1. Could you check how many residues of the range 130-154 are touching a residue at least 60 places away in the same chain (Cβ under 8 Å) and not in a loop (DSSP other than H, G, I, E, B)?
2. Take VAL165 and tell me if it is loosely packed, with under 13 Cβ neighbours inside 10 Å and over 21 Å from PHE210 (Cα atoms).
3. PHE124: buried (at least 16 other Cβ atoms within 10 Å of the Cβ) and either acidic (Asp, Glu) or at pLDDT 90 or above (or both), yes or no?
4. If you check LEU45, LEU11, LEU66, which single one turns out to be modelled with pLDDT of 80 or more and more than 22 Å from VAL274 (Cβ to Cβ)?
5. Conditions: (1) within 22 Å of the chain's Cα centre (by Cα); (2) modelled with pLDDT under 80; (3) farther than 25 Å from ILE260 by Cβ. LYS153 meets all but one. Number of the miss?
6. Please verify whether CYS287 is surrounded by 19 or more Cβ atoms within 10 Å (Cβ to Cβ) and either part of a loop (DSSP other than H, G, I, E, B) or in contact with a Gly (Cβ under 8 Å, 6 or more places away or on another chain) (or both), treating the condition exactly as stated.
7. Listed residues ASN87, ASN64, ASN53; which is over 22 Å from LEU239 (Cβ atoms), assigned to a helix (DSSP H, G or I), touching a residue at least 60 places away in the same chain (Cβ under 8 Å) and not hydrophobic (A, V, I, L, M, F, W, C)?
Amino acid sequence: MPATSTQVPGLSLSNSTSTPNISDENKLYKFVHLDNELYEDFYSLWITLMVINSIIFLVGVVLNSLALYVFCFRTRTKTTSVIYTINLIVTDLLVGFSLPVRIIMHYSARKCMKCSLVHIFGYFVNMYCSILFLTCICVDRYLAIVQVEASRKWRNPTCAKGICVFIWIFATVVTFSVLTMAIKFAPCCLAKILALMVCEYFFPLVIITFFTTRIMCALSKPSLMHQSRERRMRAVQLLITVLIIFMICFTPFHVRQVAISINPDMPKSISLVVYHVTVTLSSLNSCMDPIVYCFVTNNFQSTMRSIFRKTEMEQTSMDIISMNKNSKGSGTNAIIAFSNTIGSPLSLPSPSNTQI
């Protein structure tokens, strides 16, 4: 996370007036490690992770910006799945934009402890919002496929918006509580810290695993055979994709946090390296979530393809016009070539109201 000095008397956990080196020891760093620590102790690894984070930033911002455009402006009806997905895209964009801020702060605000804490707080709020919105998408798919009639009153835009507001507030409050307890870390707080981690990660993981298993079992029943095979397969693919994202992006980080809670005396070098590697893996979520978007609405993939095809066709048309303008005596050929190019304009698919 953002760099700053690890000597922070103002956040001392000790109530005693003993030696300065003890009072300066901030036990927040048992749970988070700032970039200057990795920079000083493992410079090569720090450079490698910064390069990886830069790639994650570029890919994540481009993919999620396109996805936000599709779901906000090319999808007319905002169904429950679309509402959850838009919120997920926003969290992924915020995570992505936090990466260059992290590098800038390392070089310009190294000694600003408040800046570091605000950045850490914002990063984890968005990470936990991503986890909870992914969970909502999975539950919504289960209700749409298995509990169609029983869930009609719950699966409406008003209810979905209320749930999204609750998730933002819940993630903010819980993350603030985790950081506060980490700053005041003591053996008596261990159970509370673990309970908060359960609320924001392990409980959603159990829910996703349970509903993935349930929907895969339910889809084999004859009562659901009236639904198209494509619809059923897309639901299964969505849940499995989310489960894979959890395993790759979020599980290593939370396993590390639990290990630190159980064994606070873990060697600093191990804790430092594992923390930064697992945080980078959690950032990778912003690049993997666009795979989930492909299963949310039927027209997402076709709309994305049409956008790129339209851009390619426009570029081809401009190249043909430019080439023929520079060729003397070929005016007729230019007209024919351009007519062939635009003769069958690509019609973009109309926004679809259908969801998986």
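The values are calculated or read from the model by the stated rules, or taken from the named source; none is laboratory data. Please read all numbers here as calculations on a predicted model, not as lab measurements. Don't worry about glycine lacking a Cβ; one is built from the backbone with ideal geometry, like all the others, and counts go over all protein chains shown.
1. Pass one, the range 130-154, residues touching a residue at least 60 places away in the same chain (Cβ under 8 Å): 130-132, 134-135, 137-142, 144-146.
Subset that is not in a loop (DSSP other than H, G, I, E, B): 130-132, 134-135, 137-142, 144-145.
The qualifying residues number 13.
2. Yes.
3. For PHE124, the condition - buried (at least 16 other Cβ atoms within 10 Å of the Cβ) and either acidic (Asp, Glu) or at pLDDT 90 or above (or both) - is not met.
4. Only one candidate passes the filter, namely LEU66.
5. Condition not satisfied by LYS153: (1).
6. yes
7. Exactly one residue qualifies, and that residue is ASN53.
Yes or no, residue by residue, for (1) more than 30 Å from CYS159 (Cβ to Cβ); (2) at pLDDT below 80; (3) of a type outside the set (Lys, Arg):
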residue: VAL70; (1), (2), (3): no, no, yes
residue: ARG74; (1), (2), (3): no, yes, no
residue: THR80; (1), (2), (3): no, no, yes
residue: VAL90; (1), (2), (3): no, no, yes
residue: LEU99; (1), (2), (3): yes, no, yes
residue: ARG102; (1), (2), (3): yes, no, no
